[in-house]
Amino acid sequence: MSAIELPVEHIDAMLSAALAYTPTGPLRWTWPPIDAASDRGQWTSAKLQRQATERRRELTAATAGQVGAMLLATNRDSVNHRYDETEIEPPYLFTRVPGDPDPVVVLKAVDCYEYQSCEHPGWRDSQAREFCDALRALAISRLPGYRRAPWLISEPDVFTNAASTS
């Protein structure tokens, strides 16, 4: 595989989409992941509730610069690892991208980001990966027809039923 340093516009677009898609509340993800094995079967325990609170990350207008810097640093880690470099990423200043984000463009941007940022050993457990998972789920929910599609499929004609295809 290969890795390239992504332009800040790519990061700006991902963050702008997440901010545009969440007008009533921030995009959230957990990092590091909650350790449910530490309190198996007790999802309401004080320990797990504390972990959930302490590890909650959010994208807001106020945190966009920090999140963007984290994304660029992870991408740079990938390039450095792939090409045995030791460069650091330049300072990051978030600039909102205007317009209504197309979910397909956002999904492709997330795929590109992950491809360019997954070369280093820390990728699998990175905050950047958790952010990408959250943004991907958000973009999928914005695809045309997604909200009208059935949640539970209980009829064998789900794909041929005219109501399910519109």
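Maximal additional length on extending the A61-L93 stretch stands at 10.4 nm, based on 0.36 nm per residue less the C-alpha distance.
Computed from backbone phi, the HN-Hα couplings of the stretch 82-97 come to 5, 10, 6, 10, 9, 6, 10, 6, x, x, 10, 10, 5, 10, 5, 8 Hz, rounded to whole numbers (Karplus: 6.51 cos²θ - 1.76 cosθ + 1.60, θ = phi - 60°; Gly and Pro given as x). Here the mean projected area of the convex hull built on the C-alpha positions of the stretch 17-138 is 9.0 nm².
Each helix, a run of at least 4 DSSP H residues, gives -39500 (n - 2.57); summed and divided by the residues of the chain, these come to -15000 deg cm²/dmol at 222 nm. Between W123 and A20, the modelled labels are 2.7 nm apart [label points 7 Å from Cα along Cα→Cβ].
Using a probe radius of 1.4 angstrom, the carbon and sulfur fraction of the accessible surface of the chain is 55%. Summing charges over all other residues whose Cβ lies under 15 Å from the Cβ of L135, with Lys and Arg as +1 and Asp and Glu as -1, gives -1.
Note on R147 and T30: their simple-model spin labels are 2.7 nm apart, each label 7 Å out from Cα toward Cβ. Subtracting the Cα-Cα distance of D102 and E85 from 0.36 nm times their residue separation leaves 2.6 nm of extension gain. Computed from backbone phi, the HN-Hα couplings of the stretch 49-55 come to 5, 5, 4, 4, 5, 5, 9 Hz, rounded to whole numbers (Karplus: 6.51 cos²θ - 1.76 cosθ + 1.60, θ = phi - 60°; Gly and Pro given as x).
Measuring gaps between exposed loop sites in the chain (GluC sites (Glu not before Pro); DSSP loop; at most 13 other Cβ atoms within 10 Å), the longest gap, sites not included, is 1-84. In a fully extended conformation the segment linking Y115 and T160 would gain 12.6 nm over its present Cα-Cα distance, using 0.36 nm per residue. Exposed loop sites here are trypsin sites (Lys or Arg not before Pro) assigned a DSSP state other than H, G, I, E or B and surrounded by at most 16 other beta carbons within 10 Å; excluding them, the longest clear run of the chain is 41-95. Only Cα pairs under 8 Å and 6+ residues apart enter the sum, and on that basis the relative contact order of the chain stands at 31 percent.
Among Q116, Q49, Q66, the residue with the largest mean-square fluctuation in a Gaussian network model of the chain, with springs joining Cα atoms closer than 10 Å, is Q49. At a probe radius of 1.4 angstrom, the accessible area of the stretch 17-166 per residue rounds to 64 square angstrom. For the stretch 100-112, 3J(HN,Hα) computed residue by residue from phi via the Karplus equation (6.51, -1.76, 1.60; θ = phi - 60°) reads 9, x, 6, x, 5, 5, 5, 4, 5, 5, 5, 4, 4 Hz, glycine and proline entered as x.
The values are calculated or read from the model by the stated rules, or taken from the named source; none is laboratory data. Every value quoted in this text rests on a predicted model; they were computed, and no experiment measured them. Using ideal geometry, Cβ is built from the backbone for each residue, glycine included, and neighbour counts are taken over all protein chains shown. Just the protein is used for accessible areas: all its heavy atoms, side chains included, with ligands, DNA and RNA removed. Shrake-Rupley method; radii C 1.70, N 1.55, O 1.52, S 1.80 Å.
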